[in-house]
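Notes follow once the structure below has been shown.
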Amino acid sequence: MKIDGRAQRTIWVESDGWSVGIIDQTRLPHRFVTATLRNAEDAARAIAGMQVRGAPLIGVTAAYGLCLAMRDDASDASLANASARIAAARPTAVNLKWALERMARVLGPCGIAERPARAYREAAAIAEEDVAINEAIGRHGLALIQTAAAKRAGGPVNILTHCNAGWLATVDWGTATAPIYLAHDRGIPVHVWVDETRPRNQGAALTAWELGRHGVPHTVIADNTGGHLMQRGLVDLCLVGTDRATAAGDVANKIGTYLKALAAFDNGVPFYVAAPSPSIDWSIASGADIPIEERAGSEVSEIAGRDAAGNIVTVALTPPGTAVANYAFDVTPARLVTALVTERGVAPATRAGLAAMFPDRVKDSSFTRPERSPHVEPVET
Ligand code: MRU
């Protein structure tokens, strides 16, 4: 995407040829600040602290984290240690595990001397594939928006989205936003209802920022508004991302997604999930087996924003000492999902639908490795 007319991605190799640049997403929307990752620990911290976030971008950052590890020490022990450290950064987005496993498959058989260069090549390939996947999701999702536009007869298509499944969550384009950007660029009038997405407000801070930069009309709403809008016929379709879809079409996404899917189902509003294949966990058949991240309670009990003087300030929302819980994701059962928009096309959210779309991936799936939620230490940010 472009920022002030200049092409910008969310992650890149710096001009020194090895360190890794990122947009520090904890500073948006008030400041556009970049940061540099110089070792695997930097990458793990950037993921855990959500300087980079969004399932596809987490995966790409993990891959570059291993590049940095290999540059420091290309031994088997270093590869194993860095993989374990980065894997522990966040549990829900399967892209993290997917990227680390792909890197390990490539680096394992390599001679030690070749590993750093091979790692950078593979990480770059993962990043480029992410862009291509999202462009393809954009093309397939565009058809869904065109169908809704035909019913609107010239009026804007109202699309509700949750969290940020935009270009900031990927290398470029976004998953849920790719069809929206494409529709807007082709002159189809679209308007996006942006759920603020408490507690970290990725909708209000990030989705609103990137849609605004691209000139896409949008309105930020409090998280509880979607049901009301759907009852009034003000939502034509919902389009969200996913951190992990199961082989049977259940989808984990940012907390609150499930409630939007329930409201959509009750009101006959199509509920689409943009699901790039690296976000599909072929080893899991039930959403109940998706590990759900629990984060620091301070994300719920406090809020940060810009004051009138332009300072970023954090203020308390709850009485001191109040107990808070911070589940970061929920699972929407496949029965509430109208379809999954993948890079290969629009698939029914069923085991058969996904298997027909990805016969090459599903053949290795045994469903015998259920993954239970590990205990994850909350991350103070
Ligand atoms: O906690 P986050 O900000 O990493 O959560 C992001 C989301 O829930 C996105 O919807 C999901 O990663 C899909 S990104 C294309």
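The values are calculated or read from the model by the stated rules, or taken from the named source; none is laboratory data. Please read all numbers here as calculations on a predicted model, not as lab measurements. Counting neighbours? That spans all protein chains shown, and the Cβs are built from the backbone with ideal geometry, glycine included. Surface accessibility is based on the protein's heavy atoms, side chains included, excluding ligands, DNA and RNA. Shrake-Rupley method; radii C 1.70, N 1.55, O 1.52, S 1.80 Å.
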* Hits in segment 182-201 - residues which are in contact with an Asp or Glu (Cβ under 9 Å, 6 or more places away or on another chain) and either farther than 24 Å from Gly227 by Cβ or away from the ligand (no atom under 16 Å from the Cβ) (or both) -> Leu182
* Structure fact -> Checked pairs for segment 270-287, first in the same structural domain as Gln146 (by TED's automatic domain parsing), second of a type in the set (Val, Ile, Thr) and modelled with pLDDT under 95, C-beta under 8 Å and 6 or more apart or across chains, list as Trp282/Val362; Ser283/Thr368
* Asked: What are the residues in segment 36-48 that are open to solvent by 20 Å² or more (accessible area, probe 1.4 Å) and within 11 Å of the ligand (Cβ to nearest atom), if any?
  -> none
* Only one of Gly226, Gly141, Gly215 is in contact (Cβ under 8 Å) with a residue 24 or more places away in the chain, crowded, with 24+ Cβ neighbours inside 10 Å and more than 30 Å from Ala63 (Cα to Cα); which? -> Gly226
* Single residue of Ala88, Ala55, Ala84, Ala93 found to be surrounded by fewer than 16 Cβ atoms within 10 Å (Cβ to Cβ), among the hydrophobic types (A, V, I, L, M, F, W, C), within 16 Å of the ligand (Cβ to nearest atom) and outside the structural domain of Asp172 (by TED's automatic domain parsing) -> Ala88
* Members of segment 155-188 found to be in a loop (DSSP other than H, G, I, E, B) and either out of contact with any Gly (no Cβ under 7 Å at 6 or more places or on another chain) or more than 17 Å from Ala275 (Cβ to Cβ) (or both), listed by number -> Gly155, Pro156, Val171, Asp172, Arg186, Gly187, Ile188
* Asked: For Gly241, are the conditions met, namely being small (Gly, Ala, Ser), over 24 Å from Glu196 (Cα atoms) and open to solvent by less than 20 Å² (accessible area, probe 1.4 Å)?
  -> no
* Given the conditions (1) within 15 Å of the ligand (Cβ to nearest atom); (2) at pLDDT below 95, which single one is not true for Gly155? -> (1)
* Tally of residues being farther than 23 Å from Glu293 by Cα and either open to solvent by 10 Å² or more (accessible area, probe 1.4 Å) or at pLDDT below 95 (or both) across segment 12-35 -> 14
* Of residues in segment 268-317 being assigned to a loop (DSSP other than H, G, I, E, B), within 14 Å of the ligand (Cβ to nearest atom) and over 30 Å from Thr350 (Cα atoms), the one farthest from the chain's Cα centre (by Cα) -> Ala296
